[in-house]
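Taken together, the values in this text are just the output of simple stated rules run on the coordinates, not laboratory data. Fair warning: this is a prediction, and the values are worked out from it, not measured in the lab. Methodologically, a virtual Cβ is constructed for each residue, glycine included, from the backbone with ideal geometry; neighbour enumeration extends over all protein chains shown.
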Amino acid sequence: MRIQCPFCGERDLSEFAYLGAADLSRPDPAAADADMRFFAAIYVRDNPAGPHHELWYHASGCRSWLRVLRNTRTHEILAVSFPTPSGGS
Amino acid sequence: MRYSIFNLVRQALAGHRGWGPAWRDATPKSAYDVVVIGGGGHGLATAHYLAKVHGISNVAVLEKGWIGSGNAGRNTTIIRSNYLLAGNNPFYEWSMKLWEGLEQDLNYNAMVSQRGVLNLYHSDAQRDIYALRGNAMRMHGVDAELLDAAGVRRMLPFLDYEGARFPIRGGLLQRRGGTARHDAVVWGYARAASDRGVDIIQNCEVTGFIREGGAIAGVETTRGSIRAAKIGMAVAGSTSRVAALAGLKLPIESQVLQAFVSEAIKPFIPGVVTFGAGHFYISQSDKGGLVFGGDLDGYNSYAQRGNLPTVEDVCEGAMALMPAIGRVRVLRSWGGIADMSMDGSPIIDRTPLAGLYLNAGWCYGGFKATPASGWCFAHLLARDEPHEVARAYRLDRFATGHLLDERGVGAQPNLH
């Protein structure tokens, strides 16, 4: 598996560290149901078989966080971008 | 037919033409008392104990492919009960006790071999944490011995003691641990369950659930609808996919774990050895091949194969620990899809949907748990209450904070 870093170019998997699913945002701690929202954000995952938005860190490169769309059935990298504050790419 | 020396002699004299199939390859009926989804070790063990312990034999085991084609055929065959936490240890020890009587129970040679599991430590801090674990084991009545470097050297003189970057200081030994033959476990459970009337149905993929009111009343499969009062899921890496058919989202990520086997060599490694300064574990099969593995690849995957950085990491671990095997050639490597739970411990529990029960989250440690997982899941399905040794494996523990995190790394599945 090689990841096309937008800054460094295509690099080997060994340069990257994996965090997990993208699009998990920190819930509002003041919300009435904050405990269940934190439970969902921290523990519950879609875990799809197929395209999966996820966050990788280019640890041995430019040290950017990357938002990667990858097929979990084939390991094919479908899209790579820098994450945006809104979560999309 | 019962396997015994007398039947072996009788069949030998008859030219071995009388052996029947070990189990029935059944066609599905329209309804059962219990349907177990997943024809791996856990699902078949569940069916066996449902029939044997609870007298419920109107049971079907549904398997998408062929039995044992998933993680039951992809593990490194290690059995052990060297766990620290009070919620885990009695469960794995019950599993070890079932392993010890398994072949007599199933009348099947599962090649259970208590050749010992040795976890090496390489620093004072690691010795202390292993001493803690060993003491916890002994308080639960499990055997554990803390060896010093000289003790390890007497057992395994061929490890690298001289030039190692992380010198071996000793190890925690569980002599009752060891290995078992993975395929034989699957076939032994299948045969025993089938003999008691359980239907084992292959090439039968679950494609949906039949709902009645708020409850689950059956499954839709590629071989038709099957109704059942109770449905148990034991599908390991596919847990999230099958649960999604019922509209459930679970605290599980599917990740790939690779394993390796070398060409066969003469007897060399007497038991199971794990390297404590990296992540590498190895044993030698009865056929002579070195069976070994290491870390997860560390990302979500359903591909049943991994990538080269992990292969390199595992082989570096091997060379750091026992350089003597450096010239042995690797025959095969493969990947299994581990259902990594968010705290590294399993789930055996009811689901929010009446009639649907969950057995999942085995991470990369499901093989050793096979007998107790089946025993406790059968108990839950039959009596609607958790078995005593599996009480901590609740699905709601993530919401309530009663986590079972052996490694203490938090909700980061690729670190468990």
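The figures follow:
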| read-out | value |
| --- | --- |
| Extension gain (nm, one decimal) between B:R153 and B:S69, 0.36 nm per residue minus Cα-Cα | 26.4 nm |
| B:L85-B:F268 pseudo-label distance in nm [points 7 Å out on the Cα-to-Cβ vector] | 3.7 |
| Percentage relative contact order, chain B, counting C-alpha pairs under 8 Å, at least six apart | 22 |
| Angle between chain B longest axis and helix B:41-54 axis [Cα atoms, degrees, rounded to 10] | 60 |
| Relative contact order computed over segment B:157-226 (Cα-Cα under 8 Å; 6+ residues apart), in percent | 16 |
| Lys pairs under 22 Å by Cα in the protein assembly as shown, provided they are eight or more residues apart or on distinct chains | 12 |
| Amide H partners (placed H, <5 Å) of B:S57, local residues excluded | none |
| Other protein chain Cβ atoms within 10 Å, averaged over every residue that makes up B:293-304 | 5 |
| Cα convex hull of segment A:2-81 - mean projected area over all directions, nm² | 5.8 |
| Per-residue mean of C-beta atoms belonging to partner chains within 10 Å, peptide B:379-389 | 0 |
| Total formal charge among the other residues, if their Cβ is under 13 angstrom from that of B:G68, Lys/Arg +1 and Asp/Glu -1 | +2 |
| Computed over segment B:161-302, Kirkwood Rh from alpha-carbon pairs, angstrom | 19.6 |
| Calculated [θ] (222 nm, deg cm²/dmol) that DSSP helices of n ≥ 4 give over the protein assembly as shown, each run adding -39,500 (n - 2.57) | -8000 deg cm²/dmol |
| Simple spin-label estimate for B:D160 and A:A59 in nanometres, 7 Å along Cα-Cβ | 2.1 |
| Between helix B:182-195 and chain B: long-axis angle, C-alpha atoms, 0 to 90°, nearest 10 | 30 |
| Filtered trypsin sites (Lys or Arg not before Pro), segment B:1-107: DSSP coil and at most 14 other beta carbons within 10 Å | B:R2, B:R17, B:K29 |
| Distance histogram for the protein assembly as shown (every C-alpha pair counted, 20 angstrom bins, percent rounded to whole numbers) | 22, 55, 22, 1 |
| Estimated FRET transfer efficiency when R0 is 25 angstrom, pair B:R115-B:R138 (beta carbons, to 0.05) | 0.75 |
| Segment B:170-225 and segment B:30-94: distance between their alpha carbon centers, rounded to Å | 5 |
| Degrees between helix B:366-383 axis and first principal axis of chain B (Cα, 0 to 90, nearest 10) | 30 |
| Percent of Cα pairs exceeding the 17 Å cut-off, where the set is segment B:255-315 | 43 |
| Environment charge at B:I216 (Cβ cut-off 12 Å; Lys +1, Arg +1, Asp -1, Glu -1) | +2 |
| Sorted peptide list for B:235-245, A:5-15, criterion being average Cβ within 10 angstrom, highest first | B:235-245, A:5-15 |
| Cα centroid of segment B:361-416 to Cα centroid of segment A:1-44, whole Å | 25 |
| Stretchable slack from B:D396 to B:A125, in nm (0.36 nm times residue separation minus alpha-carbon distance) | 94.2 nm |
| Where trypsin sites (Lys or Arg not before Pro) fall in DSSP loop in segment B:246-348, at most 11 other Cβ within 10 Å | B:K287, B:R327, B:R329 |
| Rounded to whole Hz, the Karplus (6.51, -1.76, 1.60) HN-Hα couplings of segment B:332-345, x for glycine and proline | 9, 9, 7, x, x, 9, 8, 7, 6, 7, 6, 10, x, 10 |
